[in-house]
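*Asks:* Before anything else, here's the structure in question.
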Amino acid sequence: MLQDFDKTVRNFVHRPVYFRRDQDRYSVKRSTCRTTADMTFVRTRLEKSSAPVNSTLVCRQVYSTNLYLFFAMPRANTIPFPQGVVKVATRAKLQTSEKWKSVFQNKCKDHRYYEIVEDTLEGRFEHHYLVIEDNSSKVRAIQPVFFVRQNLVEGVPGKIRSVVDFIRKNFPRFLTMRVLMVGCAAGAGDMGPCAEKDEKWTANALLAVLRTFAQRNRASLVVLKDFPAKYRPALESFSSNGYARIPSMPMTRLPLHYQDWDEYFRTLSKATRKDLRRKFRKAERAPKIDMETVNDLTPYIDEIYPLYLQVHQRSPLKFETLTKDYFRAISKRMPDRTRFFVWRQSGKIVAFSFCLVCDDAIYDECIGLDYSVALDLHLYFYTLRDIISWSLQQRLQYYYSNPLNYEPKLHFDCELVPLDLYVRHTAAFFNPIFRRALRYLEPTRHDPVLHKFPNAQEL
């Protein structure tokens, strides 16, 4: 009878599987198989045995008459759910897929960007792609995901961080976990439906399979990383099914409804205008600083990369570290969207900024500064003025800036662009406890400036 048989061993891809009734083990004596596109159906006869039966497959449904079993065995790289099946693919399998090339075509970071990130980031990321099909075998979505070992207290200051650092002297992996993350390893996340109307369907499919996929790959957490607030209606099912939605560090946005820099400058507060004039005068008294805009940073990579590292190493939050190959690849493979702003003083590069231009918006992705002169010359404000001026000349409508360094952005009258994390622990019994602990770990809790923004309540 069905109740006489135990469930198969978990992690069936990696371990032996055996069937047991009471204390007796049974070996396979005869079986027949029929394979379809996604499932193998087996009829097998069992006899008592002293050794476990080795198998790389697992029962999904079992029907027993005497000692004959009939069961369906999914392939290791597929996860069925009620409305279809998810196939786990590598980039190599997607190279010829037209669906993959079209999934993010309306996003600033299209499929090329995900490929560049996988090719060039340092090796701690393990990338996969979830190809989501419905019951008619139609591909409805392709969702990039990756595994990473994450420090859960990254960016947490004060006593909590001090205690954790002390414990890590003897236990280096304390409060670090292997995490399945959905989205992009270098930037905000996006959902990958083939049609925009399928966002909700895609979200429900991901909800059905992510925990299973994480457990198969021995990840303790599932995180939807840095998803813009516009996805909240589609991802509402996550919040009501065990996931905690917490704010990630937000981006900022400046509407560019001005003719030029001077008109915009007059809208700033009196105190901000006075402070900026003082900073700009100091820079103007130094040797002249010239700016140029290029699409390819390759000729300057050895000069600009140390400047990027200087800024990156000073950041309180570090998730990914961009590489020289990243900047080379983004220049070569996305020249239609990349803009590099380079500032020189007496022929030497003292600052650069990497931006993406998409439709009516410019996205300021990262900056590099020569700190031997940057603080004295207030180069950050100098570069920000030049980028905003250039954007106004191009008649762009919005300037977006990546997270962190919120104080100057507040005074520049930027608004917050909320990003969300959806988090759950894969262990059902531990997840409620973990959700309560997240309130102390969420990153925005520790930034004193964020609550000063007019739309901070949207986080």
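*Asks:* With 10 angstrom as the radius, rank PHE434, PHE238 by how many other C-beta atoms surround their C-beta, starting from the fewest.
*Replies:* PHE434, PHE238
*Asks:* Determine the dipole magnitude for segment 257-396: charges of +1 sit on the beta-carbon of Lys and Arg, -1 on that of Asp and Glu, nothing else is charged, the reference point is the Cα centre, and the result goes in debye to the nearest 20.
*Replies:* Dipole of segment 257-396, to the nearest 20 debye: 640 debye.
*Asks:* With a ≥ b ≥ c taken as the square roots of the eigenvalues of the C-alpha gyration tensor of segment 257-396, please select rounded if a/c is under 1.5 and otherwise prolate if a/b is larger than b/c or oblate if it is not?
*Replies:* Oblate.
*Asks:* Can I ask one more? Could you please rank ARG253, ARG314, placing first whichever residue has the fewest other Cβ atoms within 10 Å of its Cβ? Write down the numbers at each step before the final one.
*Replies:* Details: ARG253 18, ARG314 10.
With the sparsest Cβ surroundings first, the list reads ARG314, ARG253.
*Asks:* Round to a whole angstrom and tell me the spacing of the C-alpha centers of segment 343-419 and segment 177-193.
*Replies:* 25 Å
*Asks:* What percent do you get for the relative contact order of segment 257-396 when only Cα pairs under 8 Å and 6+ apart count?
*Replies:* About 30 percent, as a whole number.
*Asks:* Could I ask something else about it? Measure up LYS109/LYS288; LYS107/LYS332; LYS93/LYS197; LYS318/LYS348; LYS279/LYS318; LYS200/LYS225 against 24 Å on the Cα-Cα distance and list the ones that go over. Could you put the intermediate results ahead of the total?
*Replies:* Values: LYS109/LYS288 35 Å; LYS107/LYS332 19 Å; LYS93/LYS197 26 Å; LYS318/LYS348 28 Å; LYS279/LYS318 29 Å; LYS200/LYS225 17 Å.
The pairs that break the limit, which is 24 Å between Cα atoms, are LYS109/LYS288; LYS93/LYS197; LYS318/LYS348; LYS279/LYS318.
*Asks:* Once you order the gyration tensor axes a ≥ b ≥ c over the Cα atoms, which shape class does segment 236-293 get: rounded for a/c under 1.5, otherwise prolate or oblate by comparing a/b with b/c?
*Replies:* It is prolate, given that a/c is not under 1.5 and a/b is the larger ratio.
*Asks:* In whole angstrom, note down how far apart the Cα centers of segment 203-257 and segment 318-336 are.
*Replies:* When both Cα centres are located, 25 Å separates them.
*Asks:* Next question. Order of VAL85, VAL145 from fewest to most other C-beta atoms within 10 Å?
*Replies:* VAL85, VAL145
Every number here is computed from the coordinates shown, using simple stated rules; none is lab data. Here the structure is a predicted model, which means the values were calculated and not measured. Cβ sites come from the backbone with ideal geometry, for glycine too, and all protein chains shown count toward neighbours.
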